[in-house]
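**Q** Let me give you the structure first, and then I'll get to my questions.
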Amino acid sequence: MTSGTLIPSLVMALEFVVLLYIFLYSLRLKRIHPVTRVLYLLWSATLFTSNLYYLTHALQNKGLYLPFSAMDIVDMGIYTLLGAVLQSNFSVNLKKLTWPSVEGALFGALNIWLWILWSGKLLGNLMNALPFIYLLFMCGRSLEESRSLIKVDRLSFASATMVIAVLESVLYFTRGNVYTVLDVLCYILLFSCDMFLIFKTVDVLRNGNADRAIALAATTYTMGLVTQYLSYEPVYFVAEVLVVFSLAMICLAVRKKEKEAEKE
């Protein structure tokens, strides 16, 4: 293994352990809604398989950049299944459009645009456009349905994400000192959003109800993906660790839902 693959392999190994636990735990769920349970099980299994594939790929010294592969299809499943978990848990009607859901979908679409700009992967990103937009739509609706954020927090977070999308778009066409300043500012905003959601999720896991925890944990995971995909190494690996942490929080949120069902 080369030094260039050591750090990503270690992070993926950590993710492998977390996902293995999540998958095994999801097999034991009994009291949450059957549809939500099945969707969550499929999502965790897909994530686990995806991680195993990438880890094996890295250990074989083949690198991690794949212009297009079956993993692009797997990502479609990951986004769609998590979105479906949220839709099932909160009984979301797709025909009902609200500002948080529209803002989430718009931010998802802008991220697809940014991923195409920065990575040059047109086909894979276009394939993932609708699933990722669907996931962000569901994150927005789940936050709204669960009332996880007060109005000021919701507006501040929405504004920050839109600023990130605009700055990242401008960043692509800049060079020199302007690029450096905008790049640092984007990282500050991205990780500020991540930490805001993490602290909110941890607080709700300790003191709130399961639905709020699920909505916040899923949004934290999705925001972590956004940060990861808009970052360069070594910051990319820091964002990846946050994504792994958010996966653990999703599992804790689902466990909280299971415990609440046991008390009913």
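The values are calculated or read from the model by the stated rules, or taken from the named source; none is laboratory data. The shown structure was predicted, so the numbers you read here are calculated from the model rather than taken from an experiment. No Cβ is skipped: glycine too gets one built from the backbone with ideal geometry, and neighbour counts run over all protein chains shown. Surface accessibility is based on the protein's heavy atoms, side chains included, excluding ligands, DNA and RNA. Shrake-Rupley method; radii C 1.70, N 1.55, O 1.52, S 1.80 Å.
**Q** For segment 70-144, which trypsin sites (Lys or Arg not before Pro) are both in a DSSP coil and crowded by at most 15 other Cβ atoms within 10 Å?
**A** When the trypsin sites (Lys or Arg not before Pro) of segment 70-144 are filtered for loop state and at most 15 Cβ neighbours within 10 Å, Lys95, Lys96 remain.
**Q** How would you order 76-89, 143-156 from highest to lowest mean count of nearby Cβ atoms within 10 Å?
**A** Numbers: 76-89: 22.6, 143-156: 16.1.
Packing proxy ranking, top to bottom: 76-89, 143-156.
**Q** Just the number please: accessible area per residue for segment 3-263, 1.4 Å probe, all protein chains included, in Å².
**A** So segment 3-263 comes to 48 Å² accessible per residue, rounded to a whole number.
**Q** Enumerate the calculated ³J(HN,Hα) couplings along segment 245-252 in order (Karplus 6.51 cos²θ - 1.76 cosθ + 1.60, θ = phi - 60°), each rounded to whole Hz, writing x wherever the residue is Gly or Pro.
**A** For segment 245-252, the Karplus curve yields 4, 5, 4, 5, 5, 4, 4, 5 Hz.
**Q** Can you list the lysines whose alpha carbon is less than 27 Å from that of Lys263, not counting same-chain residues fewer than 8 positions off?
**A** Reachable lysines: Lys30, Lys200.
**Q** Here's another thing I want to ask about it. How large is the Rg to Rh ratio of the chain when both quantities use alpha carbon positions and Rh follows Kirkwood?
**A** When Rh is taken as the Kirkwood radius, the ratio is 0.95.
**Q** For Asp203, what accessible surface area do you get with a 1.4 Å probe? Give it in Å², rounded to 10.
**A** Asp203 exposes around 80 Å² with every protein chain in place.
**Q** Here's something else I'd like to know. Just how far, in whole angstrom, is segment 193-263 from segment 108-169 if you go by their alpha carbon centroids?
**A** Their Cα centres are 16 Å away from one another.
**Q** Which value, in Å² and to the nearest 10, is the accessible area of Met249 when all protein chains are kept and the probe is 1.4 Å?
**A** Number for this one is 0 Å².
**Q** Amide H of Val92 versus every other amide H placed in the peptide plane: which residues, excluding those fewer than 5 positions away on the same chain, fall under 5 Å?
**A** When sequence neighbours closer than 5 places are left aside, there are no close amide H contacts.
**Q** Once amide H atoms are placed 1.01 Å from N in the peptide plane, what residues at a sequence separation of 5 or more from Arg31, or on another chain, have their amide H within under 5 Å of its amide H?
**A** Correct list: empty.
**Q** Using θ = phi - 60° and the Karplus form 6.51 cos²θ - 1.76 cosθ + 1.60, what ³J(HN,Hα) does each residue of segment 10-21 get, whole Hz, x for Gly and Pro?
**A** These are the phi-based 3J(HN,Hα) values: 5, 5, 5, 5, 4, 5, 4, 5, 4, 5, 4, 5 Hz.
**Q** Further question: Can you run phi through the Karplus equation (6.51, -1.76, 1.60; θ = phi - 60°) for segment 219-234 and list ³J(HN,Hα) in whole Hz, with x for Gly and Pro?
**A** 5, 4, 4, 5, 5, x, 4, 4, 4, 4, 6, 9, 10, 9, 5, x
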